[in-house]
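J.: What follows is a structure written as structure tokens; I'll ask about it next.
The values are calculated or read from the model by the stated rules, or taken from the named source; none is laboratory data. Everything numeric here is computed off the predicted structure, so don't read it as measured data. Quick reminder, even Gly has a Cβ in these numbers, built from the backbone with ideal geometry, and neighbours come from all protein chains shown. Areas reflect the complete protein model, heavy atoms only, side chains present, ligands, DNA and RNA absent. Shrake-Rupley method; radii C 1.70, N 1.55, O 1.52, S 1.80 Å.
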Amino acid sequence: SQKVWQQFFDEAGSPSFLQSWEWGELQKRLNYDILRLGIFSQNTPIAIAQVIKIKSRRGNFLFIPHGPIFTKHLTPNIIHLKSSITQLLNYLINISKKEGFSFIRLAPILEDRGEYRKIFQDLGFKTAPIYMHAETVWILPLYKPRNYGKEMVVVDDQQLLSQMRKTTRYLIRKAQRENVVIEKRTDPKAIDDFYKIYKETAKREKFTPFSKEFIKYEFESFHKTGNALFLFGKIKNPPNNQYLITNNALASALIIFTPSTAFYHQGASIHTKIPVTYLLQWEAIRQAKKRRCQFYNFWGIYDEKSNRMPKSWLGLTLFKTGFGGQAILYLPTQDYIISPKYYLTFLWEKIIALKRGL
């Protein structure tokens with residue numbers, strides 16, 4: 001039931017769009033089978049887990065991205081938390097053996113703390129050789145406590161600007177002076193316009209881009225519920241019409257929303273001295289505030305402590321952290337081995353990690 005799922009997801013703080021109903025619909029459009037599971041205590045849901053059945057060249061496995069999601073009162077209780085994960089694991093082990101999956105993979109949305117690591121170690125999990133979704137994210141709070149924490153009030157624009165790195169603040173204002181404008185779009189053509197810039201970004205930064213089909217399905221799945229927005233940064237009257245190929249857009253972003261958080265999930269830019277990307281992010285933050293989101297999530301950053309992200313992320317990390325905020329380090333992705341075939345996947349992913357410089 002979408003209604004039941006959404007109610008639990010919202011009440012649990014909607015911490016990641018990867019466990020949203022919309023993300024499950026996207027996976028179905030990409031031809032993956034999914035399971036939406038609930039863990040109950042006395043007929044009351046205490047956790048949800050959206051499971052993706054992946055059958056690929058790297059191996060066949062069950063994957064829970066940024067999940068399970070637990071009720072807020074459950075995570076401090078280590079005993080009950082472990083019991084819930086154990087029940088979920090046992091259920092997935094049975095499915096794996098029946099349907100031929102060689103391992104179970106969780107990318108937990110629990111903070112990387114010793115007591116949480118111990119739960120997975122005790123249950124027989126091992127750290128995956130590679131991450132599949134961001135394990136360290138950069139989050140900007142948009143609300144702050146008042147009256148000794150009894151209520152939350154929105155952080156005004158001037159306060160947010162004052163918390164930024166001086167250079168970031170200067171470049172936002174420089175973009176405004178250079179006649180950069182930000183367009184908000186949800187029309188179907190926005191997908192094509194975004195992808196033109198995205199392909200140029202992938203070529204420049206030497207990464208493998210998502211397919212256009214993936215971007216299209218991601219936008220459409222979240223747009224159905226009003227939770228997706230494209231932003232485009234343009235310069236008025238560029239010299240020599242040099243940006244006509246992208247309709248004068250120099251940067252773009254696809255922002256995904258949950259009730260609590262706006263996520264900067266997809267980004268693209270044309271190499272230029274004009275600081276369009278800074279003003280585009282500032283507008284994305286303001287859009288999050290308009291929707292009364294509590295957080296703006298810049299998504300993945302480089303974290304030297306974990307050593308699981310490529311150093312090529314350093315420049316992007318410097319950009320994101322300039323807006324103020326804090327790093328949240330999640331538990332590393334966890335694997336539970338079902339079959340010896342897992343070690344073929346392990347070797348495959350180790351090679352991928354080496355190629356990425358990890």
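J.: By its C-alpha gyration tensor, with a ≥ b ≥ c as the square roots of the eigenvalues, how is the chain shaped: rounded for a/c under 1.5, else prolate for a/b larger than b/c, else oblate?
T.: Details: a/c = 1.81, a/b = 1.46, b/c = 1.24.
Note, shape of the chain comes out prolate.
J.: Give the calculated FRET efficiency between Glu220 and Leu354 to the nearest 0.05, with a Förster radius of 25 Å applied to their Cβ-Cβ distance. Working shown, then result.
T.: Details: r = 36 Å, r/R0 = 1.44.
Step by step, r from the Cβ atoms, then E = 0.10.
J.: Right, here's the next one. Round to the nearest 0.05 the FRET efficiency obtained for Gln163 and Lys290 when R0 = 22 Å and r is the Cβ-Cβ distance. Provide the component values of the computation, followed by the final result.
T.: Details: r = 19 Å, r/R0 = 0.87.
After rounding to 0.05, the efficiency reads 0.70.
J.: Then there's this: Would you mind classifying region 1-100 by shape? Square roots of the alpha carbon gyration tensor eigenvalues, ordered a ≥ b ≥ c; an a/c under 1.5 is rounded, otherwise it is prolate if a/b is larger than b/c and oblate if not. Don't skip to the answer; put the middle values down first.
T.: On the way: a/c = 2.06, a/b = 1.32, b/c = 1.56.
Taking the square roots of the gyration eigenvalues as a ≥ b ≥ c, region 1-100 is oblate.
J.: Each residue of region 62-71 in turn: what ³J(HN,Hα) in whole Hz from Karplus with 6.51, -1.76, 1.60 and θ = phi - 60°, glycine and Pro shown as x?
T.: 9, 10, 10, x, 6, x, x, 9, 10, 4
J.: Which is farthest toward the positive dipole end of region 301-358 among Gln334, Phe319, Trp348, measuring Cα position about the Cα centre, with Cβ charges +1 (Lys, Arg) and -1 (Asp, Glu)?
T.: Trp348
J.: What percent does the relative contact order of region 262-358 come to when contacts are Cα pairs within less than 8 Å and at least six residues apart? Each step should come with its number before you reach the end.
T.: Details: 41 pairs, mean separation 26.0, N = 97.
Rounded, it is 27 percent for region 262-358.
J.: Defining a contact as two alpha carbons under 8 Å apart and six or more residues distant in sequence, what relative contact order in percent does the chain show?
T.: Values: 622 pairs, mean separation 86.8, N = 358.
Contact order relative to length: 24 percent.
J.: Still on this structure, please answer the following. Taking R0 as 41 Å, what's the FRET efficiency between Asn247 and Glu11 from their Cβ-Cβ distance, rounded to 0.05?
T.: Numbers: r = 41 Å, r/R0 = 1.01.
According to the calculation, E is roughly 0.50.
J.: Oh, and also: Could you give the length gained by full extension between Lys203 and Leu123, i.e. 0.36 nm per residue of separation minus their alpha carbon distance, to one decimal place?
T.: Values: separation 80, 0.36 × 80 = 28.80 nm, distance 4.23 nm.
Stretched fully, the Lys203-Leu123 segment lengthens by 24.6 nm.
J.: Return, ordered by residue number, the residues of region 87-118 whose backbone nitrogen is under 12 Å from a label point located 7 Å along Cα→Cβ of Tyr32.
T.: Counting backbone N atoms under 12 Å from the label point, the list is 105-107.
J.: Continuing with the same structure: Just to verify a number: what accessible area does Lys341 come out at with the full protein assembly present, 1.4 Å probe, Å² rounded to tens?
T.: Spelled out: Lys341, probe radius 1.4 Å, area about 140 Å².
J.: Another question, then. Among rounded, prolate and oblate, which fits region 99-244 when a ≥ b ≥ c are the square roots of the eigenvalues of its C-alpha gyration tensor, a/c under 1.5 means rounded, and a/b larger than b/c means prolate? Don't jump to the answer; show the numbers that get you there.
T.: On the way: a/c = 2.15, a/b = 1.29, b/c = 1.66.
Note, shape of region 99-244 comes out oblate.
J.: Starting from the Cα-Cα distance between Asp187 and Glu111, subtract it from 0.36 nm times their residue separation and give me the gain in nm to one decimal.
T.: Values: separation 76, 0.36 × 76 = 27.36 nm, distance 3.71 nm.
Additional length available on full extension: 23.7 nm.
J.: Okay, moving on. Between Lys196 and Asn179, how many nm apart are label points set 7 Å from Cα along the C-beta direction?
T.: Result: 2.0 nm between the two label points.
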